[in-house]
Amino acid sequence: MRITYPRSFLSLLLIGFIIVAAPLLFALFSNALAFERLAGLSEQAVHSAVKVTQASRALLGATASLERSARQYALAGDASFLEAYRGNRATFLEITRSLDAMVLQAGQREEVVAIEAREASINGLIDTLGPGPALSGRLPREFATLADQGQALVRRGDRVIDEGIEQLREQAVQSRNSVFWLMIALIPTAMLLIAWFTFLIARPITQVSESIRGLGEGDFARPIRIDGPGDLVRLGDQLDWLRERLVTLEAQKTRFLQHLSHELKTPLTALREGSDLLSSGVVGNLNAEQREIAHILQENSIELRKLIEGLLSYSAVHARASYLDAKIVQLRDVVRRTVNDRKLPIVAKGIRIELNCEHVTAYCDEEKIRLVLDNLLSNAIKYSPERGLISFKLYKEGGDAVFEVLDEGPGIPPPEREKIFEAFYRGTDMPVAAIKGSGLGLSIVKEYVQLHKGRIEVLDGPGAHFRIRFPRKKAEGGEEAAA
Ligand code: ADP
């Protein structure tokens, strides 16, 4: 999948955080907005309803004062009572005017208009009838009706407040529900975004670490490419440059080894032939000391030849490292042949061989597997005590063929178990270090086993215990070898 990355790792992180935080910030913001609206609405509604109710109650009080002064005027006919009546009426009218100016609910306005009309008719009565029993007789009934109308207005105000509160409660429930559903939708979205950005961030880092591990394990064949932000892509380019440098160095090293071994071979052959001639006495008889020296020369030139052959085969391994001449092979036969080829040193050291081999076939390069086993066997013989026991096991496990080689030598100390597979590494512990060797055998073994997509490991044991496993099938889409 082709993904477009930003130019730097930092901007990828920043974009990731912003995108992941966006839905959550949106939820927070819309919640705040909903609650703000709700609070505003409730404040307004309750405030105006309470003001209407307060004015209605004041109107009731003003009605009582108005009635008192009107009835006193009707009874006594005194001008001071008429004055008091007029003052109380001004207060009454001021309250009704303020009620007119307020936000009233349906029904409230009609009631206020009716109260105003009733008060105007009472005032008309007072003006036309004047003080006297006629007016005194009419006023109680008129004011009782006016008071009833005022009471009705107060009751309606209380009802409006109750209804407002109920409406607010419903709105609060509605807001809570919408916030809940918003969160239900946004939390998984945020989770998905987090997972996606974790993938985006982790992918190039994994690619870098895998590329470095590949280089460490000597896999120089695969070009390195990092998909990611610009700075990591550049890091990938640098790693690939490093890979190419390593390929060149590896090729130079192999060439150098091949030249060196080749150049060494010619003078060495001359040396060996010279020492052979001296030892055989063809060029004259030697005394005991001279023969001894000729013998040392002969032995060391043989040792030197083996080392040079080791170097040559090591460089050959690298030259052929990617090539497998594979076919279906009977592995038990390969074990038998390997042991047979080493009969001389086995007999010379009085070593006993124990073979525990099942009938196993595998799709592999027979010659390379033989070389692997031969290296392990020659090490086992080399490091075994006189008359020691060397065991070979061969069996199937899952889709793998497994070899085990055990000996009764000093074994391999745990700190050296990784290093012994490095080229030219030789054990440092006595008595192993005293035994001659090139330090190349196990590096070739490892290279060949890896070529078969297999692995080699050193197990605990009194002596050395090597285990090799590799798939019995063809690596890609091949058929399993017949058992
Ligand atoms: P060489 O045997 O020529 O030194 P190798 O690559 O075959 O080189 O082995 C590397 C080292 O591993 C040896 O020097 C030795 O320390 C250790 N080693 C290998 N096989 C055995 C064994 N069977 N027993 C003890 N040590 C071993």
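What is the residue count in the range 211-243 for residues that are in contact (Cβ under 8 Å) with a residue 24 or more places away in the chain, surrounded by fewer than 13 Cβ atoms within 10 Å (Cβ to Cβ) and part of a helix (DSSP H, G or I)?
0
So, in the range 447-483, exactly how many residues are modelled with pLDDT under 90, part of a helix (DSSP H, G or I) and within 34 Å of the chain's Cα centre (by Cα)?
3
Can you tell me which condition TYR425 does not meet? The list is (1) closer than 20 Å to GLY463 by Cβ; (2) touching a helix residue (DSSP H, G or I) at 6+ places or on another chain (Cβ under 8 Å); (3) buried (at least 16 other Cβ atoms within 10 Å of the Cβ), and all the others hold.
Going through (1) closer than 20 Å to GLY463 by Cβ; (2) touching a helix residue (DSSP H, G or I) at 6+ places or on another chain (Cβ under 8 Å); (3) buried (at least 16 other Cβ atoms within 10 Å of the Cβ) one by one, TYR425 breaks only (3).
Give the residue that is farthest from the ligand (Cβ to nearest atom), with candidates limited to residues of the range 379-397 that are out of contact with any Ser or Thr (no Cβ under 9 Å at 6 or more places or on another chain) and among the aromatic types (Phe, Trp, Tyr).
Of everything passing the filter in the range 379-397, TYR395 is farthest from the ligand (Cβ to nearest atom).
Just for the range 406-418: of the residues that are within 8 Å of the ligand (Cβ to nearest atom) and at negative phi, which one is modelled with the highest pLDDT?
Here is the first cut: in the range 406-418, the residues within 8 Å of the ligand (Cβ to nearest atom) are 407, 409-412, 416.
Next cut, at negative phi only: 407, 409-410, 412, 416.
Working: ASP407: 96, GLY409: 93, PRO410: 93, ILE412: 93, GLU416: 91.
Here the residue is ASP407.
All but one of (1) open to solvent by 80 Å² or more (accessible area, probe 1.4 Å); (2) at pLDDT 75 or above hold for ILE308; which doesn't?
Result: ILE308 passes all but (1).
Out of (1) surrounded by 11 or more Cβ atoms within 10 Å (Cβ to Cβ); (2) farther than 30 Å from LYS51 by Cα; (3) not hydroxyl-bearing (Ser, Thr, Tyr), what's the single condition that is false for GLY150?
Looking at each condition in turn, GLY150 falls short on (2).
Yes or no: SER438 hydroxyl-bearing (Ser, Thr, Tyr) and either farther than 18 Å from SER315 by Cβ or more than 9 Å from the ligand (Cβ to nearest atom) (or both)?
Values: hydroxyl-bearing (Ser, Thr, Tyr): yes; either farther than 18 Å from SER315 by Cβ or more than 9 Å from the ligand (Cβ to nearest atom) (or both): no.
So SER438 does not fit the description; no.
Could you list, in sequence order, all residues of the range 342-365 that are under 23 Å from ALA401 (Cα atoms) and open to solvent by less than 50 Å² (accessible area, probe 1.4 Å)?
Of everything in the range 342-365, those that are under 23 Å from ALA401 (Cα atoms) and open to solvent by less than 50 Å² (accessible area, probe 1.4 Å) turn out to be CYS357, VAL360, THR361, ALA362, CYS364, ASP365.
Taking MET183, is it in a helix (DSSP H, G or I), in contact (Cβ under 8 Å) with a residue 40 or more places away in the chain and open to solvent by 60 Å² or more (accessible area, probe 1.4 Å)? Break it down stepwise before answering.
Values: in a helix (DSSP H, G or I): yes; in contact (Cβ under 8 Å) with a residue 40 or more places away in the chain: yes; open to solvent by 60 Å² or more (accessible area, probe 1.4 Å): yes.
It is true that MET183 is in a helix (DSSP H, G or I), in contact (Cβ under 8 Å) with a residue 40 or more places away in the chain and open to solvent by 60 Å² or more (accessible area, probe 1.4 Å).
Taking the conditions exactly as written (touching a residue at least 12 places away in the same chain (Cβ under 8 Å), assigned to a helix (DSSP H, G or I) and either of a type outside the set (Lys, Arg) or surrounded by fewer than 16 Cβ atoms within 10 Å (Cβ to Cβ) (or both)), does ALA120 satisfy them or not?
On the way: touching a residue at least 12 places away in the same chain (Cβ under 8 Å): no; assigned to a helix (DSSP H, G or I): yes; either of a type outside the set (Lys, Arg) or surrounded by fewer than 16 Cβ atoms within 10 Å (Cβ to Cβ) (or both): yes.
Against the criterion (touching a residue at least 12 places away in the same chain (Cβ under 8 Å), assigned to a helix (DSSP H, G or I) and either of a type outside the set (Lys, Arg) or surrounded by fewer than 16 Cβ atoms within 10 Å (Cβ to Cβ) (or both)), ALA120 does not qualify.
Could you tell me which numbered condition ASP400 fails, if it satisfies all but one of (1) within 12 Å of the ligand (Cβ to nearest atom); (2) surrounded by fewer than 20 Cβ atoms within 10 Å (Cβ to Cβ); (3) of a type outside the set (Lys, Arg)?
So the condition that ASP400 fails would be (1).
The values are calculated or read from the model by the stated rules, or taken from the named source; none is laboratory data. As the structure is a computational prediction, the values presented were derived from the model and not from experiment. With ideal geometry, Cβ positions are generated from the backbone for all residues, glycine too; neighbour counts draw on all protein chains shown. The area values use the complete protein model at the heavy-atom level, side chains included, leaving out ligands, DNA and RNA. Shrake-Rupley method; radii C 1.70, N 1.55, O 1.52, S 1.80 Å.
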